[in-house]
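The values are calculated or read from the model by the stated rules, or taken from the named source; none is laboratory data. Model, not experiment: these values are computed from the prediction. Counting neighbours? That spans all protein chains shown, and the Cβs are built from the backbone with ideal geometry, glycine included. Surface accessibility is based on the protein's heavy atoms, side chains included, excluding ligands, DNA and RNA. Shrake-Rupley method; radii C 1.70, N 1.55, O 1.52, S 1.80 Å.
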Amino acid sequence: MPRTVPLRRLFLALLLSCAVLAGTTACGGSDDSGGASSSSASPTGTSSAEAQKFAKTRFVTNAGLAAGATYQWVVKPYRAGKFKKGTDGRTFALVKAGLAGGFAYNRLKAATENAKGDPLLSKAVAPLTAGIASLKGLATKLRKGEAGAGDIGAFESVISSVKDAGKSAGAEVKDKVPSTSQLGG
């Protein structure tokens, strides 16, 4: 006896097939350039000056995202009293703060790695690695609602130190607020 396939499953299979087909077509299904695309696909070396420039750019981007996430989802809600027991929306604010704390820690670690590509920047950021490492467990404390004023102050202090170090090395960091989807991973 033949089984009937629900219309939703059939539609979903068709939709996924079209998405895969469109994705492979958009990713280089045709080669109209006559072989020129093979040379652009191969990696090229960068000069030392270019590597340093990109290191500063990546540092500024990562540190800016960390600063923006910290201010938007940790400092600002804390100052507004969103983390206090009994506050409306406390759980959601704490979860977002925990995600933002983990995101900021990750971006600060990436920023210190980026700083190693620039001699001046690496000297300015090197003393901050201990402060950044101290933030490791803060995301969990935020998520559980155990973070206090001292913890929030430590976060703010590390962020401002990284911003100051970048500014002294000629890489000014400005806050860039990441989207909520970027926080989740």
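So here's what we get for this one:
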| item | result |
| --- | --- |
| Sole residue being crowded, with 22+ Cβ neighbours inside 10 Å and more than 17 Å from residue 164 (Cα to Cα), chosen from 98, 150 | 98 |
| Selected residue (only one of 121, 108, 142 is under 14 Å from the mean Cα position of the chain (by Cα) and buried (at least 22 other Cβ atoms within 10 Å of the Cβ)) | 108 |
| Of all residues making up segment 57-115, the number that are aliphatic (A, V, I, L, M) and without any contact (Cβ under 8 Å) to a residue 12 or more places away in the chain | 1 |
| Candidate set from segment 76-95 (those that are surrounded by fewer than 18 Cβ atoms within 10 Å (Cβ to Cβ) and within 16 Å of residue 160 (Cβ to Cβ)); member that is farthest from the chain's Cα centre (by Cα) | 79 |
| Check on residue 179, under 30 Å from residue 117 (Cβ atoms), at pLDDT 90 or above and not aromatic (Phe, Trp, Tyr) | no |
| Residue in segment 49-71 that is farthest from residue 147 (Cα to Cα), counting only those that are open to solvent by 80 Å² or more (accessible area, probe 1.4 Å) and either of a type in the set (Ser, Thr, Tyr) or at pLDDT below 90 (or both) | 50 |
| Some residue of segment 72-81 being at pLDDT 90 or above and part of a loop (DSSP other than H, G, I, E, B) | yes |
| Search result, residues across segment 154-180 that are more than 15 Å from residue 68 (Cα to Cα), surrounded by fewer than 17 Cβ atoms within 10 Å (Cβ to Cβ) and either among the small types (Gly, Ala, Ser) or in contact with an Asp or Glu (Cβ under 6 Å, 6 or more places away or on another chain) (or both) | 154, 168, 170 |
| Filter pass, residue 88 being among the acidic types (Asp, Glu) and at pLDDT below 90 | no |
